[in-house]
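Single-structure report; data block below.
The values are calculated or read from the model by the stated rules, or taken from the named source; none is laboratory data. Predicted model only: the values in this text are computed from it and were never measured. Reconstructed Cβ throughout: ideal geometry from the backbone, glycine too, with neighbour counts over all protein chains shown.
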Amino acid sequence: MYQQPYPPQPGPYQQHAATKRKPRWWIIAIIIAAVVALVAGGLFAAYQFVGGKDVSLPSAEEAYASVPRDQYELRDPIAVDTYYEFRITLKNPAKVQGDKLEGAEVAVDDIAKVYQDASLSVPVPVSVFAGMPIGDKEGSGTVDVGGLMDIPKYMQHGDEIGAEHGFLPSDGYYCVQYMGEDGKKLAKPIVQFFMVKDPTNSAQLAAVRGVKPTINATGGVDLSWQAVEGATSYNVYTYITQAPIGAPGTDDYREGYSTITKIGSSTKTTLLSDDYDKPDHEKKKTGLDDVDNAVLDQNYAFQDLARYTQDQLDSCKNDTSEYCADIMKETGGTWSPSLAGKLYFVVMAVDENKHEGRWRATDANDIVPSIPVGVAQQAQINQWAYGLKGVFGEDNTIEEDMQAYVYTFVQMADGATVPVPSKFSDLQPTGQPNSWHFTYSAPGTKISDSANLWYEGDLTAEFPRITQAAIQALPKAGGLLDRLNAVDNNVDWSGYDTKKIDSDNSKSPYFIFASTDYGTYLANNILNGHQVIDITKYSTDWNLDSDDVMEELTYQNPYVCVDSGCVDYTVRKQGGKTVMWVKYPDDYQARQKQLADFVDAAKPSITSGSDRDKAIAIDQFLAAHMSYDYDAFAAVDYGSGNAFDNTGAIASYPDAWSPLGMVNGKGVCLAYAYGYQALAKAAGLDTRVVTGSVSSSKSSHAWNYVSVDGQWLLMDATWDDDGGTASDRYQLKDPSQVGDHYAFSHGWMLSSQLRQH
């Protein structure tokens, strides 16, 4: 808990929301969530009520229990009306000229943001209006910020223009102000918790929680969630945000925006991809009968995530058209996943009156690099043209012809081009002399196409050789498993309801890191093998999801996940308390000891010299003692396996995705990263396991950050492993200078902690 009292709210309150509401057509709709009114350099929050049911505000301790006080300045919780607009009153040198902010160190989009959660990860859609001052009280300009969420008709009130938009009632929002009234960037951003008062006294269903997006076997996104009492059905939406591009005030500037799109409804607690995504089948001439076997696109709901694609930039490199010139200028000629938007899912419970319940969005950005959306056409053309002999390849050998189909180049939702080793089927003669027809597809997607080849003899024997060559060329990624744990209906929890609470505050020698008190408490109890953990104290941590805390602690504490399946858990009510049930592998403690003994034996090799020396020594140690487990990677279909398919791989390769991969000498990238983390603690280093995406792979990847001389540096022991020794390609590099590793914005750490990394 915080030791200092919370700063009082500045006053007097300024009630401009009802008296000076501007027409909505003047509003600049940008994806910034901003909530701030600046008075005397601080966050000024005014509010107005129009009647309605009172809200019960949490205390400051409850609202900010998971927000690091040393990094943010915290304000007392407040309540506002759905139509309230927060105001920033500026002073020189910051000023508004026309509709542009001038003299500021940050762009309008970065002045402030509003989040729905204490980890400051999920933004809320808002509108922003920048206005020139009218009178002395408006300083050198004002910026008004209001909600841009759709307000249902039964909740609308008053005769305001734009009554259809505002802030929906929820469990609370967090406003983070990054810029002072003078335009300077704040060293400690100001955080304001606020709740929205519903003036209509409407009873709303609770927010839907436990939303789990899962990539299925054909690349679709299946969703599941926890049931809400009183719900007759559920509406499912994608919520996509796009950041602005370019410098404000220039011709290249492109405003940010958001879209909220309904993709389906369900009376169950699931919505499957097959229910809302219907790929088109293209009819092609094959030499046989016409068949509907070409699928070139899928996952239409996610195709607008990428503003620019890697394939698009590749096709523009040698194109002098004005269209391509604009694209190359706007992107700098280099593709990055940061150019893609952010994906969230919103599942709303619907009651018997067809009224939707409370808003809650779920961050789904860790799956975006794994969502296939179509064929990367330029890459496929380049593959066909590679090594082409003759005008149309008429001089190619059969082996050279087949190289055009070894890979299917798939465009992912983040815009990346990923070469997926093709699978071949339906090989048969066309009936024409020496002509063969076959189908090729990209495993883990619905994408497929067909082609013809000329070959004298039986072509069947050539296919296995070509497929194997493609597999061996795969990059070493695919180290993250889409695990089923928190809301797993397949876990047998029988008997847990009679177990007694066994949690305590004792410390485990295996503990490495958690960013919150809740995470530290959970990690130590799980490391100590407790099965029924009392989390009542932390269940009041406002808007901090137990799933987020568990995800962070399982990545940062390798002794928790000493088996590829890690641990199973669920949150329940028990005897008036909120508890977490945890189920462990049968040999959990024995595997912990096995890891600890190995680390102790390794200490003489990794504990000498400076922090830099130790970090490099660990990289060399892992290269000498580990090799990449291609068999385990193949068991998850080279990163294409879904959570249900991965269950079998976990059972067959219990070490491959755990630090025991280091102990037994074989694992995928997560085993390398876990091993590095365990050794680093023994060497006295401060490190983190990092998860993200990498170029040319639809599989997620894991690596480490190492703190050396006050700077966080990237270390990828997997990709440094040259077979017995470690190269320095990814050894203690500035993350901003590594162009093919893209850390996820949440998961491996709570989003509120990422700014320090």
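List of remarks:
- Residues that are closer than 18 Å to PHE194 by Cα and out of contact with any Lys or Arg (no Cβ under 7 Å at 6 or more places or on another chain), drawn from the range 137-150: VAL145, GLY146, GLY147, LEU148, MET149
- Subset tally (residues that are crowded, with 22+ Cβ neighbours inside 10 Å and in a loop (DSSP other than H, G, I, E, B)) for the range 69-103: 5
- Tabulated pairs, the range 499-511, first part of a loop (DSSP other than H, G, I, E, B), second at pLDDT below 95 and β-branched (Val, Ile, Thr), C-beta under 9 angstrom, 6+ apart or interchain: ILE501/VAL579; SER503/ILE535; SER503/VAL579
- Candidates LEU186, LEU205 - the one that is of a type in the set (A, V, I, L, M) and outside any strand (DSSP E or B): LEU205
- Scanning the range 660-668 turns up one or more residues that are closer than 25 Å to LYS593 by Cα and assigned to a loop (DSSP other than H, G, I, E, B).
- Condition check for VAL690: in contact (Cβ under 8 Å) with a residue 12 or more places away in the chain and assigned to a strand (DSSP E or B): yes
- Taken together, ALA624, ALA673, ALA634 contain a single residue that is aliphatic (A, V, I, L, M), modelled with pLDDT of 90 or more and surrounded by fewer than 21 Cβ atoms within 10 Å (Cβ to Cβ), which is ALA624.
- Boolean, GLY166 is in contact with a Ser or Thr (Cβ under 6 Å, 6 or more places away or on another chain) and not basic (Lys, Arg): yes
- Selection count, the range 308-333, where residues are more than 22 Å from the chain's Cα centre (by Cα) and not in a helix (DSSP H, G or I): 7
- Looking only at the range 663-677, residues that are closer than 11 Å to VAL562 by Cα and not small (Gly, Ala, Ser) come to 2 in all.
- Among (1) outside any helix (DSSP H, G or I); (2) at pLDDT 95 or above; (3) under 22 Å from PRO654 (Cβ atoms), the one test that THR554 misses: (1)
- Total residues in the range 727-739 satisfying the condition of being surrounded by 15 or more Cβ atoms within 10 Å (Cβ to Cβ) and either in contact with a Leu (Cβ under 7 Å, 6 or more places away or on another chain) or at pLDDT below 90 (or both): the figure is 5.
- Only residues that are free of Cβ contacts under 8 Å to residues at least 40 places away in the same chain and over 10 Å from TYR405 (Cα atoms) were counted in the range 427-448, giving 6.
- Failed criterion for ILE650 (all others in (1) within 27 Å of VAL368 (Cβ to Cβ); (2) modelled with pLDDT of 95 or more; (3) out of contact with any helix residue (DSSP H, G or I) (no Cβ under 6 Å at 6 or more places or on another chain) hold): (2)
- Taking the range 582-612 as the range and being among the basic types (Lys, Arg), farther than 18 Å from ILE650 by Cβ and touching an Asp or Glu at 6+ places or on another chain (Cβ under 9 Å) as the test, only ARG612 passes.
- Across the range 228-240, a minimum of one residue is classified as in contact with a Phe, Trp or Tyr (Cβ under 8 Å, 6 or more places away or on another chain) and either among the polar types (S, T, N, Q) or surrounded by fewer than 16 Cβ atoms within 10 Å (Cβ to Cβ) (or both).
- Top-ranked residue of the range 131-157 - restricted to ones that are among the small types (Gly, Ala, Ser), buried (at least 22 other Cβ atoms within 10 Å of the Cβ) and within 28 Å of ILE260 (Cα to Cα), ranked as farthest from the chain's Cα centre (by Cα): GLY146
- Unique residue being on the phi < 0 side of the Ramachandran plot and in contact with a Ser or Thr (Cβ under 7 Å, 6 or more places away or on another chain) when the list is VAL567, VAL562: VAL562
- Subset of the range 104-120 (residues that are in a loop (DSSP other than H, G, I, E, B) and farther than 15 Å from LEU148 by Cα): ALA104, GLU105, VAL106, ALA107, ILE111, ASP117, ALA118, SER119, LEU120
- ASP304 vs. criteria at pLDDT 90 or above, under 28 Å from LEU223 (Cβ atoms) and in a loop (DSSP other than H, G, I, E, B): yes
- Any hit, the range 561-568, residues being touching a residue at least 40 places away in the same chain (Cβ under 8 Å), assigned to a loop (DSSP other than H, G, I, E, B) and more than 22 Å from the chain's Cα centre (by Cα): yes
A quick yes/no check of all residues on (1) under 23 Å from LEU660 (Cα atoms); (2) of a type in the set (A, V, I, L, M, F, W, C):
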| position | (1), (2) |
| --- | --- |
| LYS507 | yes, no |
| ILE512 | yes, yes |
| ASP517 | no, no |
| GLN531 | yes, no |
| LYS537 | no, no |
| VAL567 | yes, yes |
| LYS573 | no, no |
